[in-house]
1. Mind counting the residues in segment A:177-218 that are assigned to a loop (DSSP other than H, G, I, E, B), charged (D, E, K, R) and within 22 Å of A:D142 (Cα to Cα)?
2. Within segment B:54-62, does at least one residue satisfy the condition of being free of Cβ contacts under 8 Å to residues at least 24 places away in the same chain and either out of contact with any Lys or Arg (no Cβ under 7 Å at 6 or more places or on another chain) or on the phi > 0 side of the Ramachandran plot (or both)?
3. I'd like to check something: does segment B:83-90 contain any residue that is crowded, with 21+ Cβ neighbours inside 10 Å, more than 8 Å from every other protein chain (Cβ to nearest Cβ), part of a loop (DSSP other than H, G, I, E, B) and within 15 Å of the chain's Cα centre (by Cα)?
4. So which of D:L268, D:L288, D:L254, D:L272 ends up being more than 7 Å from every other protein chain (Cβ to nearest Cβ) and crowded, with 22+ Cβ neighbours inside 10 Å?
5. Taking segment C:143-152 only, how many residues are more than 9 Å from every other protein chain (Cβ to nearest Cβ) and either in contact (Cβ under 8 Å) with a residue 24 or more places away in the chain or in contact with a Lys or Arg (Cβ under 9 Å, 6 or more places away or on another chain) (or both)?
6. Do you know which of the residues in segment A:68-116 that are out of contact with any strand residue (DSSP E or B) (no Cβ under 8 Å at 6 or more places or on another chain) and β-branched (V, I, T) is nearest to the other protein chains (Cβ to nearest Cβ)?
7. Kindly evaluate B:L43 against the criterion of being more than 7 Å from chain C (Cβ to nearest Cβ) and either at pLDDT below 85 or in a strand (DSSP E or B) (or both).
Amino acid sequence: MRLKSILCAAVAMAALTGAARADILIGTAGPTTNAEALFGTTWQNGMELAVRQANAAGGVQGQKLVLVRDDDGGDPKQGTLIAQKHCDNAGMLAVVANFNSGVTIPSSDIYNRCGMPQVTNASNPKVTKAGYKNLFRPIANDLSQGAAPAEYALTKLGAKKAAIVHDKQAFGQGVAEVFRTNFTKGGGTVTSFSGIAQTDVDFSALLSTIRAEQPDVVYFGGVMPAVGLFVKQARELGIKATFFAADSAFSPDFIAGAGPASEGAVVSFQAPPYDSSPALKKFAADYKAAFGEEPGPYSAYGFVEASIIIEAMKKAPAPLTRAGIVSEIAKSDFDGIVGHVSFTPEGELQKPFLFLYGVKDGKFDLVK
Amino acid sequence: MLKFDHVTKQFGELAAIDDVTFEVKPGIITAVIGPNGAGKSTLVNMAAGSYGVTSGRILVGDTELQKLPKYRIAHAGLSRTYQNIRLFDGMSVVKNLEVALVPPRVGSLIANTFGLSGRAAAEERRARCHAVLERLGLAAYAERQAGSLAYGQQKLVELARAIVAEPRVLLLDEPAAGLNHGETEQLKQHILALRAPDLAMVLIEHDMKLIMSISDTIVVMNRGRVLAQGTASEIRTNTEVQEAYLGQPGAIKDIEAAARGRRNRVRIREGEGLTWHQP
Amino acid sequence: MENPARRASTPPVAATRKLWPGALAMLAVPVLLLIVGPHLPAYPLRILDMILLYAILGLGLNIIVGYAGLLDLGYVAFYAIGAYSWALLASGQFDIHLPFALVLLTGASLAGFAGILLGIPVLRLRGDYLAIVTLGFGEIIRVLMNNLDGVTNGPQGIARIDEAHLFGWTLSTPDDFLYLLVGMLVVVFLFVWRIQASALGTALSAVREDQDAARGCGINTTRVKLVAFAFSAFIGGACGVVFAAMQRFVSPESFTFWESLVIVLVIVVGGLGNPFGALLGATLLILLPELLRAYADYRLLFYGMALVIIILARPRGLIARQFGPSWLMRRLGGGKC
Amino acid sequence: MGALILQQTINALTVGSIYALIALGYTMVYGVLRLINFAHSELFTAGAFIGLALAGALGVAGHPTGGLLVGFITFVIIGLAGVSVEIVAYRPLRGTSRLAPMLSALGMAVVIQNAVMLIGGRRPLIYPSFLPSGVIDVFGAIITYKQITIFLVAVILMVALELFVNRTNLGVRIRAVAENAETASLVGINPNMAISLIFFIGPGLGAVAGILYSSFYGVATFTMGFVIGMKAFTAAILGGIGSIPGAVLGGFLLGFIETFATAWMPVLTGGLIGTEYRDIFAFSVLVLILLFRPAGLLGEHVSEETIVYKSDF
């Protein structure tokens, strides 16, 4: 037993180096070196911003916050190792983890065992199925992300035929299937439902086939940069349909990458326009000041997710404990920069919000 | 014991071996000689299963070798050495020999692995290997890596590997090539000591002195055909043989090039320089 | 006259060596792991579990790559087959809940069977052609897992896999898996060592050194390669079952080409064909990226550099082939061998 | 229908051109060192990034003629990088084992990819096209000038390489080393010189492919090399690795297999087998071809007795 406590102490010490003893640690893990590195990094930057602003405002209960960033490479195995690392660290009181559903599911087991408040960015409906009380998802799951565009296409655009393409990843295929279900339910016809590889860059073969189907809308379940390439190549081949894409396309990269081809494309995103409220305007400006670039597609989510933890910490009884923070997060009831945050008993957002944007004159323009 | 029965080998248009028939008897040493490209190596390679046979039969006892895969030919009791040494360089000398004694049935191999059977047999195989090494004066090198030995020793290890399985037919492909005088003499003694009533030995060699001194019968080949067969003194006086050996080397080279043909590698042979074989 | 080649001879003087010093030295490792392991905090303990898992994978792949000299770049396929066996046969996916021991055997056997099925057509290919076909096989299996939505849930993966129970013992914490993995390691280690020391090992070595000469010596090279493939795949499959039981979640992203490369790295960095090498290689390759976490963005850069430096410094691996368990036994046992 | 077939053929030729260009680098290195140069795909990526930086520095982004200059300079830079990689990471390992240099190459691939990430950033870079824009409509199929340019550049480079290797003194030296380094050194050819030359040309061509690729698709990401590298390597194997015409054939063939699998498989199987089975189809074709031609389409089948290397690894 003595051996164990000595080793524990040694590890805790090692983990704490770089952070003053009294600091409160918030952990995070996401992909920062693989193909999704841009998402993971800018997502974590969003949290970083929230933490910095909290510190500038005097920290939480007189203590400073430190964000411990880790790279899980989108790999479930690494995700579980990091989860255990965070769990073992006594100074770590909450985590924002993980970015991918496939990593969140196995790691949530581990976070659950050590009672760690876990706020996730994973949108797959399955993530919250285990019923862990310490797991919260402050974003809309794939069900609403796929449903809203289908409804919009049917009612507003009067679309009859849709071609659906997805990247065979948990997220892309998930939203694409929801779109298919809702589009068919609403009386539309799905002309084709095709999978591609996430790393694909050449869609000419598939697009040539889709062109022959003459769909009214094309839904792309996938992420950048594939979605930008897809739209661009489709226009080059003369496809006239309206394109729909999910949140990762809500980025200047999409408009710049696809160029004029992006005009008219509809993108779903879980935040109102950056210029729609002073809070969002301030976020976008602060982000640019801190990191020298525009926010990434998931930066706002990262900011909100960290904010939820920080808000809970402010209210939790001192001394702060993981359990105390969990119960405070569950009681969350405040307006984040993107919308009102409060959770169902399952840890889902009470009222998921989703906005649809159309690209107009090289800018995202709220359409719904 | 080993019988070539109207054997022909075509490489494209060229008949490297053209209707060859002769028999190698047990208990004696049969040498096969001939100028470069006469087809000696092709004959050995066909018997050992490295080359397919175009037509004809090659027999050990009643077994038709030309139908068998290479490893079954070994099981039929034929083993060989190579013109260019082909030892298992990274393995110890004794392991090299053990390869030739690996049980043929894969089922028993698996059983051995799990320790279900064959412990005694494994010991016995090892003992046999050591015995053969002892006989060829290699006992001291048993645990050395085969690739680390001197050339002459490697040649002997190859011989040891060829005889450890107690073959009925032993093909020696230029065993003395590259050996110095003393080593050749030693080799000669070993070959002579191997002579046994139930072992047919075939010797392919360029060293005429060695051949004349140990062969019981000599087969002379030229341009893929058997030119003559007889004892050393008969061959020496045969006029046809003399002609063949003094004949045009150029023609022979063509055949050889064809025999090795179709490979896209630069090779330098004596006096030839760099040649390109286009695909 | 008697054929001298058949003359019997007395075997060499029986070796007077002791077995216990070597055996003791080797047993010390698992015993130490069992004593120290459970006292480790959970994070290092989980890393230790991963190291053990990759060590076992390395031992398995060594049979093909290290012993038989055939480069398999798709080993992860067998690992995946094992993992999905547990995921499908012990979860709510089809509401089948088989016991762990049974699935361990089934999953490993399925993988072994897949190894044979793959081996029959492709084993006549040589060198890099075999490597690329195995790579293709690995990708085919992964893409299949990703595409067969009705069976494997596709990219969503299979979650909420059962907890493993082995003869009444519940495997749930990292400690539990430490015991299981140490046990497996000992068994697999002894097994691959047996292979190396047995006639099968001799045959495989001959295939590695010179396939044609081996055939000329009477080795049915295709058959022994097939056996090697099956054994290797069997071990890979068993590891997959354990991995799925540990994670209680499987998805295709755990079985990428990169995983195959990592397992090849484990054995090459450690020492090809040497069971100790696999242990050392796994330790290094799993520990290194974790230790480098402090370097954040530079982590993988340093990881790559470290790999190149290690390989440049020890091109034949950290422990050369000949310094395997047999060597250790001789070395510590004294006497002649 | 005819237009669709024509369209898909053009699509396949474009993709195939890029595969073929990258495959050349693999096949040349393999032909000489029997090494799978994992770092090749990352040099391809680095080429695209350096090309972009150069275009910015020279102020020629988006000009086809400026592209020629950028392509040339990038060829030289990446060529030199390739030579350095060989000298640092592969040369010391020559003659040790076959796996050591291959895994050293893997380590280099990780290093280069992460260096590109750290220097070039994680954000997908919007790539200015160096290719002329415009389309022609041929019987209902749309052919872009970009596609035509890529195809032409690839063909010109491949013909130039073939001529270089077969008709020039340096080329013959390379081939001599490829055939047999030992023999070549006997006739006075320095194998190191020839190997360096190969590591200059192969990655150089890869870098040009990188610029073409990014110009065509309009984007460059630091991770783009890995998958396309694997495909190009597959193409090289398909054609018969070590053979230059083989790499070209393999590249185009893989382009066709992928394109037609995507376009027709769902149609032919009534939707039973979707586009997501493309890679399975491609690898299955590879396996089948290798079963009937174990050394690839244009590779040479070496008979047992003439095998120079006794062991595979």
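The values are calculated or read from the model by the stated rules, or taken from the named source; none is laboratory data. Keep in mind it's a predicted model, so treat the numbers as computed, not measured. Note that we place each Cβ from the backbone using ideal geometry, even for glycine, and neighbour counts take in every protein chain shown.
1. So the count comes out to 0.
2. Within segment B:54-62, one or more residues are free of Cβ contacts under 8 Å to residues at least 24 places away in the same chain and either out of contact with any Lys or Arg (no Cβ under 7 Å at 6 or more places or on another chain) or on the phi > 0 side of the Ramachandran plot (or both).
3. Looking for residues that are crowded, with 21+ Cβ neighbours inside 10 Å, more than 8 Å from every other protein chain (Cβ to nearest Cβ), part of a loop (DSSP other than H, G, I, E, B) and within 15 Å of the chain's Cα centre (by Cα), one finds none in segment B:83-90, hence no.
4. Details: D:L268 fails: crowded, with 22+ Cβ neighbours inside 10 Å; D:L288 fails: crowded, with 22+ Cβ neighbours inside 10 Å; D:L272 fails: crowded, with 22+ Cβ neighbours inside 10 Å.
Testing whether each residue is more than 7 Å from every other protein chain (Cβ to nearest Cβ) and crowded, with 22+ Cβ neighbours inside 10 Å leaves just D:L254.
5. Result for segment C:143-152: 3.
6. Only one residue fits best here, namely A:I105.
7. Here the answer is no, as B:L43 does not meet what is asked.
Table: residues versus (1) hydrophobic (A, V, I, L, M, F, W, C); (2) over 27 Å from A:A226 (Cβ atoms).
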site	(1), (2)
A:P272	no, no
A:G302	no, no
A:V326	yes, yes
A:V338	yes, no
A:K368	no, no
